[in-house]
Amino acid sequence: MAAIVLLLVFASPLFAKRKDDVVVMVNGDSFTGEIKGLQRGELLFKSDYMTDSVHLDWKRVKELRSKDTYIVTLQSGARVIGEIAQAGGAEGEEFQVLAASGTVRVKSPEVILIQQREVSFWDQLTGSVNYGFSFSSDNSSINSSLGASVAYYTAKSFTSLASTSQFDTQANAPNTNRFTFDSKYGHQITQGWLAGATVILLKSNQQDLELRSSTGGFIGRRLVRTDRTSLLLVGGAVYSHERYFPQTGAAPANNAEALAGLTFSTFRFKTVDINSQTLVFPSLTDPGRVRVGSQLNLEIELFRNFTWNFEFYENFDSRPPVVAPRNDSGVTTSLGWKF
């Protein structure tokens, strides 16, 4: 969590952004200002007279042009850097990227992501912060949950950090807490393939786990990639170091594990955002032991990037090295802010 906060605090401007981009809609509406980017079928645009950025339906953009440099991701997985322009604009019309190596021309539905390049470091970050709290007077039960995530993308790579922290207390029962940290770095090898590294931390009183740290690498294959849906298959290996809360005869455990997983996300225009991930870790040093980590997040935008979030998580260990519960599962609800 601290790493995410520091990354946000020390973000500083690098470039100045032009304010003369032009967007024309199919109904004739014309805007002049700044193209913020394109994601999940929405073109983000802001003029000087607008308090907040507006979200425009990408399928209804007729024309656009900008003299700034953008990172454009295509449905094929290719990423191109250059100035952007579109003429005609109806679905299936031509979109152009004026790259250093020449002009790239594609149909507009093939463009699934547009990111600013010559802007401040802050503007290139995407992420969220959310918090949930509940109280019950019956048993003086208090539940508090905090989560944060941030990601940074370049033309060929990405870095993401995510962390959650939960605290539960109630009368006549011990306090429990849970902490997770998940970091990834990925680099695109070809249009459909990527390679990367990951560090995963987990602390769970529910499983008597003081700390598990898993570090390793992976290869990923994008099975589906559209402007609103993504499906990624990954495989690799990690090395895990585990410390459990004191027990008779308990000692830190080291474990080499294979890694297989599936990451899925989908978005419906102005309604719901669903993200899920399932990772399976079959042990290589303790044959027969298998760990599974899974999470599902449902996010509904309430207004102006403020969201309501529902998350289900599950961590399963078929054979813990100490006497401890095999499952750690739960549900959290929270309010959040996206940037």
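The values are calculated or read from the model by the stated rules, or taken from the named source; none is laboratory data. Remember, predicted model here, so these are calculated numbers, not experimental data. Note that each Cβ is placed from the backbone with ideal geometry, even for glycine, and that neighbours are counted across all protein chains shown.
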| Within segment 316-331, is even one residue within 19 Å of Ser149 (Cβ to Cβ), assigned by TED's automatic domain parsing to the domain that holds Asn254, touching a Leu at 6+ places or on another chain (Cβ under 7 Å) and surrounded by fewer than 16 Cβ atoms within 10 Å (Cβ to Cβ)? | no
| query | If the Cβ limit is 8 Å and pairs must be 6+ apart or interchain, which residue in segment 179-191 that is of a type in the set (A, V, I, L, M, F, W, C) pairs with which residue that is part of a loop (DSSP other than H, G, I, E, B)? | reply | Phe181/Met1
| note | Scanning segment 60-76 for residues that are closer than 15 Å to Val106 by Cβ and surrounded by 16 or more Cβ atoms within 10 Å (Cβ to Cβ) gives Val61, Leu64, Tyr70, Ile71, Val72, Thr73, Leu74, Gln75
| Which condition number does Leu335 fail, the rest of (1) in a strand (DSSP E or B); (2) out of contact with any strand residue (DSSP E or B) (no Cβ under 8 Å at 6 or more places or on another chain) being met? | (2)
| said: Any residue at all in segment 89-101 that's among the acidic types (Asp, Glu), surrounded by fewer than 19 Cβ atoms within 10 Å (Cβ to Cβ) and at pLDDT 90 or above? | reply: no
| request: Only residues that are among the small types (Gly, Ala, Ser) and free of Cβ contacts under 8 Å to residues at least 60 places away in the same chain: list them for segment 58-78, please. | output: Ser66
| task | Looking only at segment 65-86, count how many residues are more than 17 Å from Leu194 (Cβ to Cβ) and among the polar types (S, T, N, Q). | result | 3
| Can you name the residue in segment 141-176 that is assigned to a loop (DSSP other than H, G, I, E, B) and out of contact with any strand residue (DSSP E or B) (no Cβ under 6 Å at 6 or more places or on another chain) and is also surrounded by the most Cβ atoms within 10 Å (Cβ to Cβ) among such residues? | Thr154
| request: Considering every residue within segment 102-111, establish whether at least one is surrounded by 15 or more Cβ atoms within 10 Å (Cβ to Cβ), under 30 Å from Lys46 (Cα atoms) and in the same structural domain as Asn275 (by TED's automatic domain parsing). | output: no
| Scan of segment 35-59 for residues that are in a loop (DSSP other than H, G, I, E, B), surrounded by 15 or more Cβ atoms within 10 Å (Cβ to Cβ) and among the polar types (S, T, N, Q), ordered by number | Ser53
